[in-house]
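Colleague: A single structure is presented below for examination.
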Amino acid sequence: MGVILHQKVDEDCVLAMWEITEDLDTLHSLVNLTESEMCRVNGFRSHCRKLEWLSVRALIATVLNPDVHIVYNEHRKPFLSDNSYNISISHSRRYTSVFLSKSKRVGIDLEFMSHAIDKVASRFINENEYITIDSDALQRHIYIHWCAKEALYKICDKQDIHFKKNLTLTHFEPDPEGGFRGTVHNMYGVEHFDMHYFLMDNYVIVYCTK
């Protein structure tokens, strides 16, 4: 299927998504891998992991440049080899997403709503956060919380972050799309972020910039 979404979300940020319908050979044909990248993808035991990994590279090759490569620092934070954009990556089942900005920090998370997440909600939702009592909306509300905190975790470089203790979201209703504020309070200080989300099929996508 390839790119199913490619849009500017403000003057500096690009959100793109890929639907994985290709086989491994097709995805390989869409990317220019280095020798080390070839070794890495061939080292994955999971077929699905190979598809996810290659789809991210195919997405970057399509929306940016086939010669741009994704590299990682010691904290497994992704960067582009040419430093053209800051990047955040997420994938779940058949979708892959990237969030890009030339000058801003970025964070994105994508999740398929697959299980009874309400059973573990107390592990990452704190007493200052609102969760709906509407049983029909409960699962997606909790998933939006989870995705938002994953996005905040990424934008803060995964440093000194406990989802329940250090991250708080303002009150919002679990509509098909919307926004709210996220606050990070940790050893580095206090930061506030504008969060945006939307639902697609049975997936939640949340992103933020700073």
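Colleague: Quick one: Cα convex hull volume of the chain, Å³ per residue?
Modeller: Each residue corresponds to 129 Å³ of Cα convex hull volume.
Colleague: Which of the three applies to the range 1-93, rounded, prolate or oblate, going by the alpha-carbon gyration tensor with a ≥ b ≥ c and a/c under 1.5 meaning rounded?
Modeller: Oblate is the answer for the range 1-93, as a/c is 1.5 or above yet b/c matches or exceeds a/b.
Colleague: Across all directions of projection, what mean area in square nanometres is found for the Cα convex hull of the range 95-136? Provide the component values of the computation, followed by the final result.
Modeller: Numbers: hull surface 20.3 nm².
Across all orientations, the range 95-136 yields a mean hull projection of 5.1 nm².
Colleague: Considering only HIS91, HIS115, HIS192, give the residue with the highest GNM mean-square fluctuation for the chain, with springs between Cα atoms whenever their separation is below 10 Å.
Modeller: Among HIS91, HIS115, HIS192, the largest GNM mean-square fluctuation belongs to HIS115.
Colleague: So what's the angle, to the nearest 10 degrees on a 0 to 90 scale, between helix 135-155 and the longest Cα principal axis of the chain?
Modeller: For 135-155 against the chain, the angle is about 60 degrees.
Colleague: Shifting gears a bit: For the chain, take the longest principal axis of its alpha carbons; what is the angle in degrees between that and the long axis of helix 47-63, to the nearest 10 within 0 to 90?
Modeller: Roughly 80 degrees between the two axes.
Colleague: Can you give the net charge of the other residues whose Cβ lies under 13 Å from the Cβ of PHE172, counting K and R as +1 and D and E as -1?
Modeller: Charge balance near PHE172 sits at -3.
Colleague: For the range 93-134, which GluC sites (Glu not before Pro) are both in a DSSP coil and crowded by at most 10 other Cβ atoms within 10 Å? Show your work: numbers first, answer last.
Modeller: Working: sites: GLU111, GLU127, GLU129; in loops: GLU127, GLU129.
Within the range 93-134, the qualifying GluC sites (Glu not before Pro) (loop, at most 10 other Cβ atoms within 10 Å) are GLU127.
Colleague: With springs only between Cα atoms under 10 Å, which of THR21, THR34, THR96 fluctuates most in a Gaussian network model of the chain?
Modeller: Of THR21, THR34, THR96, the Gaussian network model singles out THR34 as fluctuating most.
Colleague: SER29: net charge of surrounding residues, Cβ under 15 Å, Lys/Arg +1, Asp/Glu -1, itself excluded?
Modeller: -2
Colleague: Moving on to the next point. Translational diffusion coefficient of the range 130-210 at 25 °C, 0.890 mPa s, Stokes-Einstein with Kirkwood Rh over Cα pairs, in µm²/s as a whole number.
Modeller: Here the translational diffusion coefficient equals 191 µm²/s.
Colleague: Right, next: Quick one: how many lysine pairs does the range 2-104 have with C-alpha atoms less than 18 Å apart and a gap of 8 or more or different chains? Give me the count, please. Could the numbers behind the result be given before it?
Modeller: Details: LYS8/LYS102; LYS8/LYS104; LYS77/LYS102; LYS77/LYS104.
Close lysine pairs under the 18 Å cut-off: 4.
Colleague: Rounded to the nearest 500, what is the chain's calculated 222 nm mean residue ellipticity when only DSSP H runs of at least 4 contribute -39500 (n - 2.57) each, over all residues? Show your work: numbers first, answer last.
Modeller: Details: 5 runs with 57 residues, N = 210.
That comes out to -8500 deg cm²/dmol.
Colleague: I would also like to ask the following. Calculate the dipole size of the chain relative to its Cα centre from +1 charges on Lys and Arg beta carbons and -1 charges on Asp and Glu beta carbons; express the result in debye to the nearest 20.
Modeller: 620 debye
Colleague: Roughly speaking, what is the centre-to-centre gap between the range 47-72 and the range 1-37 when only Cα atoms are used, to the nearest Å?
Modeller: Their Cα centres are 6 Å away from one another.
Colleague: Looking only at ASN126, ASN86, ASN73, which one moves most when the chain is put into a Gaussian network model with springs between Cα atoms under 10 Å?
Modeller: Highest fluctuation among the options: ASN73.
Colleague: Give me a comma-separated list of calculated 3J(HN,Hα) values for the range 19-35, in order, Karplus coefficients 6.51, -1.76, 1.60 applied at θ = phi - 60°, integers in Hz, x for any Gly or Pro.
Modeller: Running phi through 6.51 cos²θ - 1.76 cosθ + 1.60 with θ = phi - 60° gives 9, 7, 10, 7, 8, 4, 4, 5, 5, 4, 5, 8, 10, 9, 8, 6, 4 Hz.
Colleague: Taking the Cα centre of the chain as the origin and placing charges on Cβ (Lys, Arg +1; Asp, Glu -1), which of TYR197, TRP53, THR170 is farthest toward the positive end of the dipole?
Modeller: Final value for the positive-end residue is TRP53.
Values quoted throughout were computed directly from the atomic coordinates according to the rules given, and no laboratory measurement underlies them. Source: prediction; values computed, not measured. Methodologically, a virtual Cβ is constructed for each residue, glycine included, from the backbone with ideal geometry; neighbour enumeration extends over all protein chains shown.
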